[in-house]
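One structure is given here, and the rest of the page talks about it.
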Amino acid sequence: MKPRRTLTGQLGLYMQWPIFLAVLVIVANIVIGFVDVGAALAMSGFTIVYLLLSILLYAFSRRKLLAGMVEFSADYAWIQKKLLSDLDIPYVVTDQSGRLLWMNDLFTEMMREARGRNNSLLTMFPEVTKEILLGVEEKTSIHTTFGDRSYRMDLKLVPMADLEPGQDNGTGTDGGSVTKLITSTSSTPDLIAVYLFDETEILRFQKEITDQKMVAGLIYLDNYDEALESVEEVRRSLLMALIERRINKYIAGFNGVVKKMEKDKYFFVIKQQYVTELREQRFSILEDVKSVNIGNEMAVTLSIGLGMDGDTYGQNYEFARMAIDMALGRGGDQAVIKSNEKIEYFGGKSQQQEKTTRVKARVKAHALRELIGTKEKLLIMGHRLGDIDSFGAAVGIYRIAAALDRKAHIVINDVTSSVRPMYERFTPAAGYPEDMFLTGSEALEKVDAGTLLVVVDVNRPAITEEPELLKRVKTIVVLDHHRQSSEIIDNAVLSYVEPNASSACEMVAEVVQYIADGIKIRPQEADAMYAGIVIDTNYFNNQTGVRTFEAAAYLRRSGADVTRVRKAFREEMVNYQARAHAVGRAEVFEGSFAISECPAEGIENPTIVAAQAANELLGIKGIKASVVLSEYNGIIFLSARSMDEVNVQVMMEKLGGGGHRSIAGAQLKGVTMEEAKEKLKTVIREMIEAGDVK
């Protein structure tokens, strides 16, 4: 049966107006009848004629008007189909499962290229998933590729409720209408209109623009003076000429320009397109320069800082300055790339050379004295769960403040078992004030404009004893021997970071000797600082140099007693047994990495025992690095140690930690012990594949 067509909306209402007016005429005729019956009878004839004409006119005009509307609708639908078919962008209609229901000519051509991929959007474009299709609400954009072209795919939801039954929306894949195809073959309630915008050329131009951007770089020779001193005087100019030639040749290989600024500093510029190649080569110049040998006993090493993705050339240069500072702060012999989004590290395999000169220590000591002279009181803090090195360094700064007649407080929230033997010696009976030690909350109450904050043995804000102090105090000083990571205390007015120092106590011992004349360190203070050096160097076995022994000798002259220190650090039997258990259960991974777990039951501070076990594992032949894991307060702590073949700081940084080249650590939250071990093993495999292990 042929469906009945009706006029609806404003047009139907317009056609019915003569009938509505007929009602008004009838009412008028009745009113006239009350006034004059004869006039009403005369008007009734006209009213009947008007009603008949209105009905006839509505019936005949409606039929002609409806025929015209149908003809116009057909023409409009054909034009609409033609426009969609000839659209200059690929266009397709799918259901929410990705099945293609209708497509225009350009998309049909793409389908011919996609033979064997079926009629599905999911198989043609792997970036499109069912989850994405089901999640489309109004409009979703996806970047995808097809063949050698790149597209931006816009997905727009078309609710079926918006389509009237029988409405023709275009030609389907079989020549029928979309609605007909859906009604007969699909149960999906909604449609998705898909537009493909070719952005191949746009992306190509964007890449060309990015590749042409300037990258600023700085190259510093780490050990210029020391290397020259290790070679005969007549060969020094030749050594520097060879190094400079290799630097110039390396930068020229990337079509760059290099300019020597000082005897050991270079500035260079390259295009950003070469940065990818630099990454892939892992800055081969780092190893190339070390091979220069004309009789010099010490290999020359250099540090590189690159700045990129800045808004201006000036900002790229500032990024390069920050990157080179970061490289030097991490011990040199490495490259750092600094951009707006991230910091990348390369190299850092070799053991940094100790600088025998104390010029830097003297300069920093004088600067610290000037800062202390401008403030009324000092707050001194180390890292969370402080060890004896952190405690000893804080005590040394406390002695400096007392000698300069300034009130000082040491911030400690929790006294660990490793610190307690020394901590208990600083009592009022020994001549120390009761408020020498404060908790973090107590220290916050004492902060005012005349406060100086000295941070020792840490340069990462998140793991300081009281991070809020870094926000409250305006004048901050940092003294640390750990290599810098991406997260640093960036608002310090004085930063003394010396990665080649054995410990923070060694650095403070040097500062004490230069900051003022006649500072007398008390025996218990000397013991605390000496203990910090002893523990951090594992009894002078790790990271020791000439200055380490000189600092230890100074502390011995100041009253430090070796026997007293050793007695203070004798441990409980349960700790010794836990350490032995960790060593005995160690797993040798990849032939040279010792991995073990330290039991925590009955141990006050298992992280200290884990660190001791990691030190002992290094004594095993063939072990390049050791990592011992321990659980404390629901957190997995990793203690990593190495000799000289593995940079454990880089290893721990990949797990969110940091530290020193041969002594580092990390903390993992929300993971089990087995998951933590697996993450560690994954990092070790990545380092081996990248060549970061000798």
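We did not get these values from a lab; they are worked out from the coordinates using the rules stated. Because the structure is a prediction, the values reported are computed rather than measured. Here the Cβ positions follow ideal geometry from the backbone for every residue, glycine too, while neighbour counts run over all protein chains shown.
What the table shows:
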read-out	value
Cα-based shape type of the chain, given that a ≥ b ≥ c are square roots of the gyration tensor eigenvalues and the cut on a/c is 1.5	prolate
Helix-only CD estimate at 222 nm, as mean residue ellipticity for the chain, using -39500 (n - 2.57) per DSSP H run (n ≥ 4)	-14000 deg cm²/dmol
FRET efficiency, 1/(1 + (r/R0)^6) with R0 41 Å, evaluated for K156 and K342 via beta carbons	0.70
Cut-off 11 Å, label 7 Å out along Cα→Cβ of V588, residues of region 613-630 by amide N	620-624
Calculated FRET value between L404 and K360, using beta carbons and R₀ = 30 Å, to 0.05	0.90
Charge dipole of region 573-690 about the Cα centre (unit charges at C-beta), most positive-ward option of M643, G658, V609	M643
Within region 592-694, GluC sites (Glu not before Pro) in DSSP loop having at most 12 other beta-carbon neighbours inside 10 Å	E601
Shape call, region 640-694: gyration tensor on alpha carbons, a/c limit 1.5	oblate
Formal net charge of residues neighbouring K207 (Cβ-Cβ distance under 13 Å; K, R +1; D, E -1)	-1
Gained length - D490 relative to V23, 0.36 nm times residue gap less alpha-carbon distance	159.4 nm
DSSP bridge pairs, the chain: antiparallel proportion in percent, nearest 5	70
Under the Karplus curve 6.51 cos²θ - 1.76 cosθ + 1.60, θ = phi - 60°, whole-Hz ³J(HN,Hα) for region 332-343, x wherever Gly or Pro sits	x, 6, 7, 10, 10, 10, 10, 10, 5, 9, 7, 10
Linear extension gain, N413 paired with K471, 0.36 nm per residue minus alpha-carbon span	19.1 nm
Burial ordering of Y345, Y539, Y313, fewest other beta-carbon atoms within 10 Å first	Y539, Y313, Y345
Projected label distance in nm at E201 and D288, using a 7 Å step from Cα toward the beta-carbon	4.0
Check: region 573-690 dipole with +1 on Lys, Arg Cβ and -1 on Asp, Glu Cβ, in debye	180
Peptide ranges 505-518, 94-107 listed from the most packed, as the mean C-beta count within 10 angstrom indicates	505-518, 94-107
Computed E for K271/R112 - FRET, C-beta separation, R0 45 angstrom, nearest 0.05	0.65
Cα lying deepest toward the dipole's positive end in the chain, options G545, S558, L106, charges on Cβ	L106
Top positive-direction residue, dipole computed over region 214-347 with Cβ charges, set A327, I243, L221	I243
Calculated from backbone phi, Karplus (6.51, -1.76, 1.60) coupling profile of region 140-155 in Hz, x at Gly/Pro	10, 10, 9, 9, 9, 10, 8, x, 9, 10, 10, 10, 9, 9, 9, 10
Charge dipole (debye, nearest 20) of the chain; +1 at Cβ of Lys and Arg, -1 at Cβ of Asp and Glu	460
